[in-house]
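Colleague: A single structure is presented below for examination.
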Amino acid sequence: MRAATPASDTPAMPTRSEMQFARIAETVAGGESSYSRLRAGGQLVMEEAAGARIRDADGATYLDYCGGYGVNLFGHAPPFLLDAVRDVVDRIGVHVAYPHRLAGEVGELVVSLVPGIEQLRYAASGTEATQAAVRLVRAATGRDLILKFEGHYHGWADHLCTGLGDGSASRPARPDSLGVPAAALEAVWVLPFNDLAALRSAIAEAGERLAGVILEPAAGSGGLMRPTPAFLDALLAEVRAAGGLVILDEVMTGFRLAPGGAQELLGVTPDVTVLGKIVGGGFGLAAFGGSRELMRLEAENRVVHGGTTSGSPVALAASRAVLTRLHGEPELYEGLEATSASLADGLERAFADAGVAGHVRRVGSMLQPFFSERPDAEPGSLAEVAALQDDGLFLAFCDALEARGVIGHRYPLGRWFVSLAHTPADVEETVAAVGDALRWLAEGSASG
Ligand SMILES: Cc1ncc(COP(=O)(O)O)c(C=O)c1O
């Protein structure tokens with residue numbers, strides 16, 4: 001394997017990655033099957049992955065902080081997970097669609113780890129699980145109106161495909177995509193985050209229509225905005241007092257920030273919790289759950305929730321392998337926190353050494369470099385957090401870093417994921433590459 005080398009200014013022959021990507025894009029629209037992975041410019045096509053590294057079609061290796069978009073808490077291709085999956089495949093194949101004991105075993109693990117879940121249902125993606133959670137909340141309350149927040153992502157389904165941009169707060173919500181009918185969002189309102197006055201006015205205006213509220217505990221696609229304690233406490237108390245239910249979308253934070261997710265750290269128990277990503281160890285598995293009483297609506301089949309492959313034994317085998325380790329080795333989180341903190345410190349040192357204005361926003365093992373000085377106060381709203389990022393510099397930085405063998409999510413308000421496979425040596429290598437990329441950027445902007 002050879003390391004990636006910095007790009008030169010001379011026009012080059014297309015790389016294998018570029019040629020393969022062009023071929024993929026002949027049949028796959030845009031070359032990617034998720035809008036969030038589409039990006040301008042050259043494309044890396046991956047060939048192999050293990051631990052913290054991936055290798056592209058040209059043989060260049062990269063330290064990876066995308067982590068399969070957050071599913072790979074143990075890094076790429078962890079042997080214990082693959083063994084567990086092989087064992088199930090050998091015994092029953094891939095999918096049987098009858099109950100299998102793994103469903104109960106994973107259920108027991110989730111219930112023992114996640115405070116807000118007494119019973120759950122499996123789904124095949126986070127988008128499906130948030131959809132099911134919203135339907136459950138509407139069914140349980142007999143009401144229709146859902147509140148969501150600017151910059152909080154809950155998947156791409158019609159009824160939640162709204163409110164990602166700064167200034168998108170509106171009642172009713174406005175579609176984020178062509179093809180989403182306004183009617184699908186008539187019963188969704190988007191509110192600015194951490195704005196208690198806006199929340200209170202929405203609750204009052206909604207009256208008997210209020211079914212519930214959905215939020216992320218740390219907005220993984222919204223610059224890692226977090227609720228202030230006062231906002232979160234008031235939200236839980238006042239939405240419930242108005243007869244609504246609270247959905248905590250822990251698709252990204254679940255099993256990442258702590259064994260019991262962000263709710264364990266925050267000391268809050270939502271009415272419905274949504275899980276995804278890590279819970280499936282990379283397979284298509286997500287879950288939603290809450291109290292037994294609430295989940296009776298599912299048990300009695302009074303709300304519709306389905307899926308041909310939801311709760312597939314292969315995904316459950318991966319899930320059991322991951323959750324068994326997290327259950328039995330909670331000290332893993334101390335190591336993850338130490339690695340993440342040392343990476344954030346190193347990146348901030350690199351900014352300072354290169355003389356580039358920058359800081360790192362971090363929530364546990366989710367972190368993002370921002371091209372501005374650290375503000376005096378924690379940004380509360382999407383507008384405040386977006387103002388901290390220089391999108392152009394961030395994307396130029398991603399390019400420079402990729403050429404130096406380090407890759408992460410290219411969304412300016414996204415985040416890198418640190419995994420348990422990242423070592424202190426990887427952190428050192430990353431900090432050196434970041435320092436080099438920043439110096440190169442600083443020289444470029446000084447000469448340009
Ligand atoms: C917080 C959150 N909710 C929901 C989703 C949607 O999950 P999926 O991509 O599995 O449909 C995501 C995906 O990134 C997410 O981050």
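The values are calculated or read from the model by the stated rules, or taken from the named source; none is laboratory data. Keep in mind that what you see is a predicted model, and the values were worked out from it rather than measured. With ideal geometry, Cβ positions are generated from the backbone for all residues, glycine too; neighbour counts draw on all protein chains shown.
Colleague: Could you say whether any residue in region 190-198 is within 16 Å of the ligand (Cβ to nearest atom), touching a residue at least 12 places away in the same chain (Cβ under 8 Å), in contact with a strand residue (DSSP E or B) (Cβ under 9 Å, 6 or more places away or on another chain) and farther than 30 Å from residue 322 by Cβ?
Modeller: Here is the first cut: in region 190-198, the residues within 16 Å of the ligand (Cβ to nearest atom) are 190, 193.
Keeping just the survivors that are touching a residue at least 12 places away in the same chain (Cβ under 8 Å) gives 190, 193.
Next cut, in contact with a strand residue (DSSP E or B) (Cβ under 9 Å, 6 or more places away or on another chain) only: 190, 193.
Now drop any that are not farther than 30 Å from residue 322 by Cβ, which leaves 190, 193.
Yes, the conditions are met somewhere in region 190-198.
Colleague: Follow-up. Across region 276-300, what is the number of residues that are within 15 Å of the chain's Cα centre (by Cα) and among the basic types (Lys, Arg)?
Modeller: Adding up the residues that qualify gives 1.
Colleague: Would you mind stating whether residue 124 is under 19 Å from residue 321 (Cα atoms) and either among the aliphatic types (A, V, I, L, M) or within 16 Å of the ligand (Cβ to nearest atom) (or both)?
Modeller: yes
Colleague: So, one more: Are there any pairs, at least 6 apart or on different chains, whose C-beta atoms fall under 9 Å, with the first in region 107-133 and outside the structural domain of residue 258 (by TED's automatic domain parsing) and the second near the ligand (Cβ under 8 Å from one of its atoms) and part of a loop (DSSP other than H, G, I, E, B), and if so, which?
Modeller: From residues that are outside the structural domain of residue 258 (by TED's automatic domain parsing), there are no pairs.
Colleague: Where in region 210-300 are the strands (runs of 3 or more DSSP E), entirely inside, with at least 2 residues that are within 16 Å of the ligand (Cβ to nearest atom) and within 19 Å of residue 112 (Cα to Cα)?
Modeller: Ranges flagged: 245-250, 272-275, 286-290.
Colleague: Picking from 410, 404, which residue would you name as being part of a loop (DSSP other than H, G, I, E, B), under 21 Å from the mean Cα position of the chain (by Cα) and among the basic types (Lys, Arg)?
Modeller: After ruling out the rest, the residue left standing is 410.
Colleague: Pick out, from region 16-87, the strands (runs of 3 or more DSSP E) lying fully within it that include 3 or more residues that are in contact (Cβ under 8 Å) with a residue 60 or more places away in the chain and out of contact with any His (no Cβ under 9 Å at 6 or more places or on another chain).
Modeller: On the way: elements: 46-50, 53-56, 60-64.
So the answer is 60-64.
Colleague: So, of the residues in region 347-362 that are among the charged types (D, E, K, R) and buried (at least 19 other Cβ atoms within 10 Å of the Cβ), which turns out to be nearest to the chain's Cα centre (by Cα)?
Modeller: First, pick out the residues of region 347-362 that are among the charged types (D, E, K, R): 348-349, 353, 361-362.
This time we only want the ones that are buried (at least 19 other Cβ atoms within 10 Å of the Cβ), so: 361-362.
Numbers: 361: 15, 362: 14 Å.
Filtering region 347-362 for residues that are among the charged types (D, E, K, R) and buried (at least 19 other Cβ atoms within 10 Å of the Cβ), the one nearest to the chain's Cα centre (by Cα) comes out as 362.
Colleague: Yes or no: residue 102 outside any helix (DSSP H, G or I) and either in the same structural domain as residue 296 (by TED's automatic domain parsing) or away from the ligand (no atom under 16 Å from the Cβ) (or both)?
Modeller: So residue 102 does not fit the description; no.
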